[in-house]
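As C-alpha cells, the structure follows; a few thoughts come after it.
The values are calculated or read from the model by the stated rules, or taken from the named source; none is laboratory data. These numbers come from a predicted model, not from an experiment. We place every Cβ from the backbone using ideal geometry, glycine too, and count neighbours over all the protein chains shown.
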Amino acid sequence: MSLAGMHLQRTSSIALHQQIAAHMRSGILRGIFPAGTQFLGSREVARELGCSRMVVLTAWELLYAEGYLESTPRGGVKVASVSQFQAVVAVAPVPAAETGAVDHAGPVSQRWRSLLASEYDTNWKSDMAPGAPDISSFPFKEWARLLRQSWQDPDGADCLDLPAAGLPELRQEIANFLGSVRGVVCTPDQVVVTSGTSSALDLISRMILDDGDEVWVEEPGFVEARWALTAAGAKLVPVPVDDRGLCVAEGIARAPNAKLIVVTPSHQYPLGVSMGLERRLELLDWANRNDAWIVEDDYDSEFRHQESMIASLRSLDREQRVIYLGTFSKIMMPSLRLGYIVAPERFVGTFSKGRARIDVHSSGIGQLALAGFMKEGHLLRHLRRMRKVYAERQQALMQAITTLMPDDLHASPAATGLHLVAFFTERMKARMTDQEAARTLKRAGIHVQPLSQNYLERATRPGLVFGYGRLKAEDARRLIAGIAEALGCGQH
C-alpha cells in the first residue's frame, strides 16, 4: 500500500513523524487500510513523501507501540489483525489526520500537545536501562532507621516552616559532599533542594527564559531535559557533540543570541564523552561576553572508573555564569526524588522564592532522613562501594561486546557513569537501523535503547545505549549472546 496521497505540512508545529502516524491511524480506523494491508518499504514511503527514512521509521514505531501495525516475516509492515480494531472502528472518533492533530490530547495548549505526543522509551525496569542504579546493595537498614527517627521525632520547626530552598542541615551536607566528591566549593546558602534534575531544570527554565528564547542543547542529548525546556516555551537549538564534547563554535554559529546553554560536560549523555578544557574555557568566555547562562548537569559524575577526577565546569567559572545541577536518584534510588541546584549568588533568592511559588518545597521527612544519612557517612561509603561494582560491570560488558559482536558493534569504555554506547559498524548499518534493532530485541524480551531517539535532527551515528548499573558482571556474556542471536549477527 502506498502513502503517495498524503501531503506533509512542513510548516506545521506538528512533527513530520506524528503527521504520518496520524494519517495512517486515521486510515486504519476508517477502514481505508483494512487488517492485513501491507505497506511499501520505509525507503519507498520516504521517497514518496519526500522525507527521511528515519521519519517514516519513527512513525511506524509509534504505531507498533499502539498496536496498529505488526511486522511480517520478511521485515515488512502491515496493519494488525482485525480483532484489535473492530470495536474501535465502530465507536472511536476519527483523528484529524489532515491537520496532524495529536489524538486524545484533551483541551491543552499546542505546546503541550506536541510535548505529550513525543515518544521516548526508557523502561526503568530493564536490566540495561541507562542510568538505572543497582539498589540491591543499598544500606536500607540505616536508611529505614533514619526515616523512622524523622517520623517519630521531627523538629517542630522542620514540620511547620521548612524553607523553600530546603532544610538547612541538608543544604550544609550537600555543600560538604560536593566539596569532597566533586571539588565544587559553595556555601549552604547557594544550595536549593529540588525534586531531582528535571524539577531543577523546570524551575530554572521558568525563572530565566521567556517564550521563544533560544537554548543550546546537546545533539544527541538528554530527552527529559528537552521536555522541561520545551514546556517553558524555549526554542531548542541542537548543537553537535564530538569526542571533545559540545562544539561551541557550532553553537555560536547556529544561535549567537542564545540565553541558556544546557550541557553534561563531565559525562555527556548519551555519548559518554567529557568536554575538553579548551572547550570549557571557550564556552565560559562566550557566555560571559554574551550575558548567557550555563546549566551544568553533572550527570553520573560521582561514579568515575579511574583515579583522576574530572573537574566540574563550575569549578572553572570565575564570573558566576554556571548553574550546577545534581541528583541523588542515581547514587541512591530513582524514587527518592531529591536533587539540588548550586546557584550563582545573584540567583539564590530568586530561585528560593520561585520554588515557593511553584511547589513550596520537597518532602521534609525525606530531607531530614537524607541529612542524617549523609552526616553519618553512609552515602560516601555506599558511593565508594558502588564505584568498584560498576567499574567491574562496565568491563564485563565491554569484554562481551568485543568478544561476541566485534563485526557489528564498536564500544569504548567511558571514564564515568552507568552506561556506554555501542556504535554500529558499517556492516551493521547496512543491515538495519538502530530503531529496527531495538524493536527486534524488544520482541525478544530484551530492552536496549536506540541511540537515534536522542537526536532532535537526523541521527548521524546509529548505535545502542547499554545501561550496566543493574547488569551483573556474570550475566553480561549471556545477555550479549542473546542480543547477537536475536539480531542474527554472525550469520552473514
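Restricting 245, 233, 251, 221 to those that are modelled with pLDDT under 90 and not assigned by TED's automatic domain parsing to the domain that holds residue 469 reduces the list to 233. Evaluation of residue 151 against the conditions (1) under 21 Å from residue 332 (Cβ atoms); (2) exposed (fewer than 15 other Cβ atoms within 10 Å of the Cβ); (3) under 23 Å from the mean Cα position of the chain (by Cα) shows that the sole unmet condition is (3). Selection of segment 456-469 for residues being over 30 Å from residue 385 (Cα atoms) and surrounded by 19 or more Cβ atoms within 10 Å (Cβ to Cβ) yields 459, 462, 463. Out of (1) touching a strand residue (DSSP E or B) at 6+ places or on another chain (Cβ under 8 Å); (2) more than 20 Å from residue 423 (Cβ to Cβ), the odd one out for residue 281 is which? For residue 281, the failing item is (1). Residue 240 meets all of the listed conditions (1) within 26 Å of residue 359 (Cβ to Cβ); (2) touching a strand residue (DSSP E or B) at 6+ places or on another chain (Cβ under 7 Å); (3) surrounded by fewer than 17 Cβ atoms within 10 Å (Cβ to Cβ) but one, namely (1).
For segment 297-312, enumerate the residues that are out of contact with any His (no Cβ under 9 Å at 6 or more places or on another chain) and either at pLDDT 95 or above or part of a loop (DSSP other than H, G, I, E, B) (or both).
Scanning segment 297-312 gives 302, 305, 306, 307, 308, 309, 311, 312.
Might you check whether a residue that is polar (S, T, N, Q), part of a helix (DSSP H, G or I) and at pLDDT 85 or above occurs anywhere in segment 110-130? So far as segment 110-130 goes, no, none of its residues is polar (S, T, N, Q), part of a helix (DSSP H, G or I) and at pLDDT 85 or above. Restricting attention to segment 190-211, and to residues there that are of a type in the set (Ser, Thr, Tyr) and in a helix (DSSP H, G or I), which single residue is farthest from residue 175 (Cα to Cα)? Applying the filter and picking the extreme gives 205.
Residue by residue, here is whether (1) over 27 Å from residue 176 (Cβ atoms); (2) hydroxyl-bearing (Ser, Thr, Tyr) holds:
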| site | (1), (2) |
| --- | --- |
| 191 | no, no |
| 196 | no, no |
| 199 | no, yes |
| 209 | yes, no |
| 214 | yes, no |
| 217 | yes, no |
| 223 | yes, no |
| 227 | yes, no |
| 230 | yes, yes |
